[in-house]
Amino acid sequence: MNGLIYMTSGIENYIPQRPPFVFIDTVLTVDAEQAVTQFTIPADCPLVVDGVLPLSGLMENAAQTCAVRAGQSAGNKIGYIGAVKQLEAKRLPKVGETLTTRATLIQEVLNISLVECETRINDEGIATATLKLAIIE
């Protein structure tokens, strides 16, 4: 890991989303193999319902973390989620909680990547997913 730290303005160099649909506050580390991000859930987050970030919000956070990793390794090219496998949430996070999400490359063939994601709040693992991503040349 190279230990690069970005705030929201730097994150927007790696993902196509723009506020209010940015689900990453900080990139803790990023390299060709892995990205680790954090996101503190604000009350005005567009996906929050009754003070809780639903599964779709966890998925978006994981996808954006994958995009940070892919942006680092692919030279900021646009990618698309081709498939989501083994998505599991042990609980849904609440407004004010900080998600730490790790996206780790499992396999890469041509422009298709298989990435494993894990989301934690402090020491508690709350969600996992495996995403298949396609990078557009």
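The values are calculated or read from the model by the stated rules, or taken from the named source; none is laboratory data. Bear in mind the structure is a predicted one, so any value in this text is a computation, not a measurement. In this analysis, Cβ positions are derived from the backbone assuming ideal geometry, glycine residues included, and neighbour counts consider all displayed protein chains.
Here are the numbers for the structure shown:
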{"read-out": "Strands (runs of 3 or more DSSP E) wholly inside the range 51-137 that include at least 1 residues being buried (at least 17 other Cβ atoms within 10 Å of the Cβ), in contact with a helix residue (DSSP H, G or I) (Cβ under 8 Å, 6 or more places away or on another chain) and modelled with pLDDT under 95", "value": "79-89, 112-121, 124-135"}
{"read-out": "Test: residue in the range 10-30 that is more than 23 Å from ALA134 (Cβ to Cβ), surrounded by fewer than 21 Cβ atoms within 10 Å (Cβ to Cβ) and either in contact with a helix residue (DSSP H, G or I) (Cβ under 6 Å, 6 or more places away or on another chain) or hydroxyl-bearing (Ser, Thr, Tyr) (or both)", "value": "yes"}
{"read-out": "Test: ILE135 is within 17 Å of ASN13 (Cβ to Cβ) and within 12 Å of the chain's Cα centre (by Cα)", "value": "no"}
